[in-house]
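The values are calculated or read from the model by the stated rules, or taken from the named source; none is laboratory data. Quantities reported herein were computed from a predicted structural model and do not represent experimental measurements. Note that each Cβ is placed from the backbone with ideal geometry, even for glycine, and that neighbours are counted across all protein chains shown.
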Amino acid sequence: MTTFVNPPDVHVPTGYSHTAVVPAGTDLVFLSGQVGIRPDGSTPPTLAEQSEQMFDNMAAALRVHGLDASSLIKLTLFVVAGHDIQTVRTARAKLLGAHRPASTAVFVSQLVAPTLFVECEAIAARPRA
């Protein structure tokens, strides 16, 4: 089981953990950057809708490996500057619940397509059978 640790001499994080330790005998599953594109190829027009779809896509990518959000150990969020990070955090909380993987969030000037507002890549841990 992955252990999440927050050092006592570092600020208390909100919604994430400062460190994650993965035990020996664990496979790492790397999720490519997921965006808010629906399965039919369309892109929702709002940050809220794109954020929810992005995290739905992440959940689907985890399921194909028999995993769920509790297996996530690291998230990296890219949000187009000028958009409300709290909107993304709200959608993230729906996926993660009380789970707090190590996380990074950065504002960027643009993603690969100008219609996209948010992207998230991740690493998950899967115990070996």
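Could you check the stretch 21-51 and list, in sequence order, the residues that are closer than 25 Å to residue 86 by Cα and either in contact with a Leu (Cβ under 9 Å, 6 or more places away or on another chain) or among the polar types (S, T, N, Q) (or both)? Correct list: 31, 32, 33, 34, 35, 36, 37, 42, 43, 46, 50, 51.
Restricting the first member to the stretch 109-125 and to residues that are hydroxyl-bearing (Ser, Thr, Tyr), and the second to residues that are part of a loop (DSSP other than H, G, I, E, B), the beta-carbon pairs closer than 7 Å and six or more apart or on different chains are 109/81; 115/43. Quick check: anything in the stretch 60-69 buried (at least 18 other Cβ atoms within 10 Å of the Cβ), within 14 Å of residue 102 (Cα to Cα) and free of Cβ contacts under 8 Å to residues at least 60 places away in the same chain? Scanning the stretch 60-69 turns up at least one residue that is buried (at least 18 other Cβ atoms within 10 Å of the Cβ), within 14 Å of residue 102 (Cα to Cα) and free of Cβ contacts under 8 Å to residues at least 60 places away in the same chain.
Take the conditions (1) modelled with pLDDT of 95 or more; (2) farther than 23 Å from residue 129 by Cβ; (3) of a type in the set (A, V, I, L, M, F, W, C); residue 4 misses just one of them, which is (1).
For the stretch 102-129: of the residues being assigned to a strand (DSSP E or B) and of a type in the set (Val, Ile, Thr), which is farthest from residue 83 (Cα to Cα)? Looking at the filtered set, the residue picked out is 123.
Can residue 21 be described as modelled with pLDDT under 95 and loosely packed, with under 15 Cβ neighbours inside 10 Å?
Yes; evaluated as a whole, the condition is true for this residue.
Of all residues in the stretch 57-94, those being of a type in the set (Gly, Ala, Ser), in contact with a helix residue (DSSP H, G or I) (Cβ under 7 Å, 6 or more places away or on another chain) and over 13 Å from residue 120 (Cβ atoms) number 1.
A search for C-beta distances below 7 Å between a residue of the stretch 80-96 that is closer than 16 Å to residue 53 by Cα and modelled with pLDDT of 95 or more and any residue that is polar (S, T, N, Q) and not in a loop (DSSP other than H, G, I, E, B), counting only pairs 6+ apart in sequence or on different chains, returns 87/51; 88/51; 91/51. Of the residues that make up the stretch 40-55, is at least one crowded, with 17+ Cβ neighbours inside 10 Å and of a type in the set (Asp, Glu)? So far as the stretch 40-55 goes, yes, one or more of its residues are crowded, with 17+ Cβ neighbours inside 10 Å and of a type in the set (Asp, Glu).
Report yes if some residue within the stretch 62-73 is within 10 Å of the chain's Cα centre (by Cα), closer than 15 Å to residue 16 by Cβ and either modelled with pLDDT under 95 or of a type outside the set (Val, Ile, Thr) (or both); otherwise report no.
Within the stretch 62-73, one or more residues are within 10 Å of the chain's Cα centre (by Cα), closer than 15 Å to residue 16 by Cβ and either modelled with pLDDT under 95 or of a type outside the set (Val, Ile, Thr) (or both).
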